[in-house]
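Contents: one structure, followed by commentary.
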Amino acid sequence: MSGAALGLEIVFVFFLALFLLHRYGDFKKQHRLVIIATLLAWYLCFLIVFILPLDVSTTIYNRCKLAVNSSPAESNGSYVTLAPSKQKCFKPWSYIPDGIMPIFWRVVYWTSQFLTWILLPFMQSYARSGGFSITGKIKTALIENAIYYGTYLLIFGAFLIYVAVNPNFNLQWNQLQTIGIAAANTWGLFLLVLLLGYGLVEIPRSHWNGAKRGYLLMKTYFKAAKLMTEKADAEENLEDIMEEVRKVSESIKYNHPLRKCVDTILKKCPTEYQERMGRNMDDYEDFDERQNSYPSEKSLAKLHKQVIYSVQRHRRTQVQWQILLEQAFYLEDVAKNESSATRQFVHTFHSQEPENKIIQYFYTPTVEWYWECLLRPWFYRVLAVVLATFSVIVVWSECTFFSTKPVLSLFAVFIQLAEKTYNYIYIEMACFLTIFFLSICVYSTVFRIRVFNYYYLASHHQTDAYSLLFSGMLFCRLTPPLCLNFLGLTHMDATISHKNTQPTAYTSIMGSMRVLSFIADGFYIYYPMLVVILCIATYFSLGTRCLNLLGFQQFMGDSEMTSDLIDEGKELIRRGK
């Protein structure tokens, strides 16, 4: 079984990342390099989360071997003796042979850092560029990223100067590498705590509210009113852009040098607009070189960029509207069936897609009624209580993980109890559940947040290339500090536990953070406590209230604007029927 668990998880995580990317991206229409780069970024980040528990169990086994093979008289102080006598160490079923994990972590970590700091930002600008040639897109991407790269070089230079002028430091390559890692992790930890504070409250609350049928239906009506406004705006914007394309197409004739650029733009337009413009065009009319009203290639590139954006946004709002209609119809059906005397679920509209025969055989109308009207609300309530309990444990541990005597972090207590009996299955399950819950809180927030139309992960293959690449950047920057935070919560990081024990392979590639003591002993320990304030702010919906005051309509039960939008959405759904 040696190394088999590692191989199985590598394969499983790949298909998990592929499944999620297929849900949000469009394999048929988006550029292959965008799909490959995003898949690699998601895959590496998910892989770190799934493999780290194996690293922990392997490290505990190696510590046991060192303790057994060295008596107190033989000990040179390099490792702490964990066992007082020559007791037998049982090898975990998922044991990974020595030498594999350091190489594995080094490849995964530096590949993800190359993606997030160099390749993905460049590909973002390349994908968003309206250039008509590969050279033109590369040129645009280099110009846009010049400021981006320059800013981070300036920050890194500041760290170098700090270490160079400090007489306590003898600058070496390993220390230089540690400074780079510390800079990246500090930035990631700053964002990590913000996202974690939101997810720790919002995830349990969303599941608790999921048990409230009336709440979900009202929120769906609210979403319908907002989406209809966005849909109308997208249609109007598309009409305006298509009018500009029509004018350009009519002014630049078939023998104009820039006609090939116009043809490229036309190919990106919806089919109905292409046919309409094709009928109104006379290809046999020559252009007059003396006219000065022809647009430049730069203006055509800008128009090309606007066409790509407006068409994608229009298609996304159309698809989301159809999905929202189906959700609203289904929630209305649930509300009607709750009082059904026959206890059989009756749909107002049947799905247009053919149902799986196996699912149709087991998931009968009676089973569906018991699940949707009776069991599902209670299941969501129980799940919300379990998630809330996990959240409380995380908040407590984030505020107390720096305490080693006594050990106050509950996650560290659990791991240390299991370490005494070398119960590797329990250790791996506890580690996996802990880091998985932390990852869900952080990653789900990345999927939820929306920055206007600049960044938005839309399901059902409606996410644009820029947002996919941006999500890959965020994952690669958030995952390393997330894992270090997890190792700190469980006291597997020697920087936190203050024990001279063998470190995990993941910690060893990060280097000793003691080269920057104000970060290792200050920021990394005390900044995570800010999660308490963020959780309180999220619980009282302070961010939602602020956005509502600024004019960005948010779903709030005690708001008059919310009530008006709910009524409007209800009428829109009624018309949709």
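The values are calculated or read from the model by the stated rules, or taken from the named source; none is laboratory data. Just so it is clear, the structure is predicted and the values come from calculations on it, not from any experiment. All Cβ positions, even for glycine, are placed from backbone atoms using ideal geometry, and neighbour counts span all protein chains on display. These accessible areas exclude ligands, DNA and RNA; they are computed on the full protein's heavy atoms, side chains included. Shrake-Rupley method; radii C 1.70, N 1.55, O 1.52, S 1.80 Å.
Which of the residues that make up the stretch 398-413 are open to solvent by less than 30 Å² (accessible area, probe 1.4 Å) and of a type outside the set (D, E, K, R)?
THR400, PHE401, SER403, SER409, PHE411, ALA412
Among the residues of the stretch 256-267, write down those that are more than 14 Å from SER133 (Cα to Cα) and loosely packed, with under 15 Cβ neighbours inside 10 Å.
Scanning the stretch 256-267 gives PRO257, LYS267.
Can you spot a residue in the stretch 338-347 that is surrounded by fewer than 16 Cβ atoms within 10 Å (Cβ to Cβ), of a type in the set (D, E, K, R) and touching a helix residue (DSSP H, G or I) at 6+ places or on another chain (Cβ under 6 Å)? Steps first, answer last, please.
To start, the set of residues in the stretch 338-347 that are surrounded by fewer than 16 Cβ atoms within 10 Å (Cβ to Cβ) comprises 338-344, 346-347.
Imposing the further condition that a residue be of a type in the set (D, E, K, R) reduces the set to 338, 343.
Narrowing further to those that are touching a helix residue (DSSP H, G or I) at 6+ places or on another chain (Cβ under 6 Å): 338, 343.
Among the residues of the stretch 338-347, at least one is surrounded by fewer than 16 Cβ atoms within 10 Å (Cβ to Cβ), of a type in the set (D, E, K, R) and touching a helix residue (DSSP H, G or I) at 6+ places or on another chain (Cβ under 6 Å), which makes the answer yes.
In the stretch 107-143, which residue that is farther than 20 Å from PRO481 by Cα and open to solvent by 70 Å² or more (accessible area, probe 1.4 Å) is farthest from the chain's Cα centre (by Cα)?
Once the filter is applied, the top-ranked residue is THR135.
Among the residues of the stretch 9-47, write down those that are surrounded by 13 or more Cβ atoms within 10 Å (Cβ to Cβ), over 16 Å from MET123 (Cβ atoms) and aliphatic (A, V, I, L, M).
ILE10, VAL13, LEU16, ALA17, LEU18, LEU20, LEU47
Can you tell me which of VAL367, VAL386, VAL395 is closer than 22 Å to PRO204 by Cβ, part of a helix (DSSP H, G or I) and open to solvent by 50 Å² or more (accessible area, probe 1.4 Å)?
Testing whether each residue is closer than 22 Å to PRO204 by Cβ, part of a helix (DSSP H, G or I) and open to solvent by 50 Å² or more (accessible area, probe 1.4 Å) leaves just VAL386.
Name every residue in the stretch 90-106 that is touching a residue at least 40 places away in the same chain (Cβ under 8 Å) and either buried (at least 18 other Cβ atoms within 10 Å of the Cβ) or of a type outside the set (A, V, I, L, M) (or both), in order of residue number. Reasoning before the result, please.
Start the filter on the stretch 90-106 by keeping residues that are touching a residue at least 40 places away in the same chain (Cβ under 8 Å), which leaves 90, 92-97, 100-102, 104-106.
Those that are touching a residue at least 40 places away in the same chain (Cβ under 8 Å) and either buried (at least 18 other Cβ atoms within 10 Å of the Cβ) or of a type outside the set (A, V, I, L, M) (or both): PHE90, PRO92, TRP93, SER94, TYR95, ILE96, PRO97, MET101, PRO102, PHE104, TRP105, ARG106.
Starting from the stretch 549-561, take each residue that is within 13 Å of LYS226 (Cβ to Cβ) and list its partners that are open to solvent by less than 90 Å² (accessible area, probe 1.4 Å) and in a loop (DSSP other than H, G, I, E, B), counting only C-beta distances under 7 angstrom and pairs at least six apart or across chains.
Listed pairs, sorted by first residue: MET561/GLN553.
Here are SER508, SER459: which of them is surrounded by fewer than 19 Cβ atoms within 10 Å (Cβ to Cβ), assigned to a helix (DSSP H, G or I) and modelled with pLDDT under 90?
SER508
When the residues of the stretch 239-248 are narrowed to those that are open to solvent by less than 40 Å² (accessible area, probe 1.4 Å) and under 11 Å from LEU300 (Cβ atoms), which ends up modelled with the highest pLDDT?
VAL245
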